[in-house]
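Input: a single structure, listed below in structure tokens.
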């Protein structure tokens, strides 16, 4: 049902936790299913130096949050703005139709986070 990539990010989450003294932090939730995602970020020299997540929700929501941080870490802010949901879904190995909301939650949190820090 789930791809090996998705299961790996769920079982071995990357960048879990919170950034100490973040440049920005947001928390969003999907009221339909109750998933909650918090992202925090630190930017240095116009690069994402640290990004972490806390998530409460289904397996795909937690895996997408983990992959999101992995895809963004180290990118320039300008390059990070170009990340699209389709790239996330492709790199997670696809999502079952019932789990597509997880990719939307991750990207919605990233969009909200971008609005919180100056670029």
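Couple of notes before you dig in:
- Fewest-first sequence of 66, 3, 99 by Cβ atoms within 10 Å of each Cβ: 3, 99, 66
- Evaluated at q = 0.14, 0.16, 0.21, 0.22 Å⁻¹: base-10 log I(q)/I(0), Debye formula over Cα of region 4-116: -0.48, -0.63, -1.11, -1.23
- Calculated FRET efficiency, residue 82 to residue 45, Cβ-Cβ distance, R0 = 25 Å: about 0.85 to the nearest 0.05.
- Value of relative contact order over the chain, rounded to a whole percent, pairs C-alpha under 8 Å and six or more apart: 31 percent
- Proxy reagent accessibility, fewest Cβ within 10 Å first, across 7, 71: 7, 71
- Simple label model, 7 Å out from Cα along Cβ direction - residue 33 to residue 3, nm: 1.6 nm
- Estimated [θ] at 222 nm from DSSP helical runs (n ≥ 4, -39500 (n - 2.57)) normalised by residues in the chain, nearest 500: -12500 deg cm²/dmol
- Cα long-axis angle, helix 100-116 against the chain (0 to 90 degrees, to the nearest 10): 10 degrees
- Sorted by Cβ density within 10 Å, fewest first, the residues 103, 44: 44, 103
Quick note: the coordinates plus some simple rules give every number you see, no bench work behind them. In this text, all values refer to a predicted model and were calculated from it rather than measured experimentally. Cβ coordinates were reconstructed from backbone atoms using ideal geometry, including for glycine residues, and neighbour counts include every protein chain displayed.
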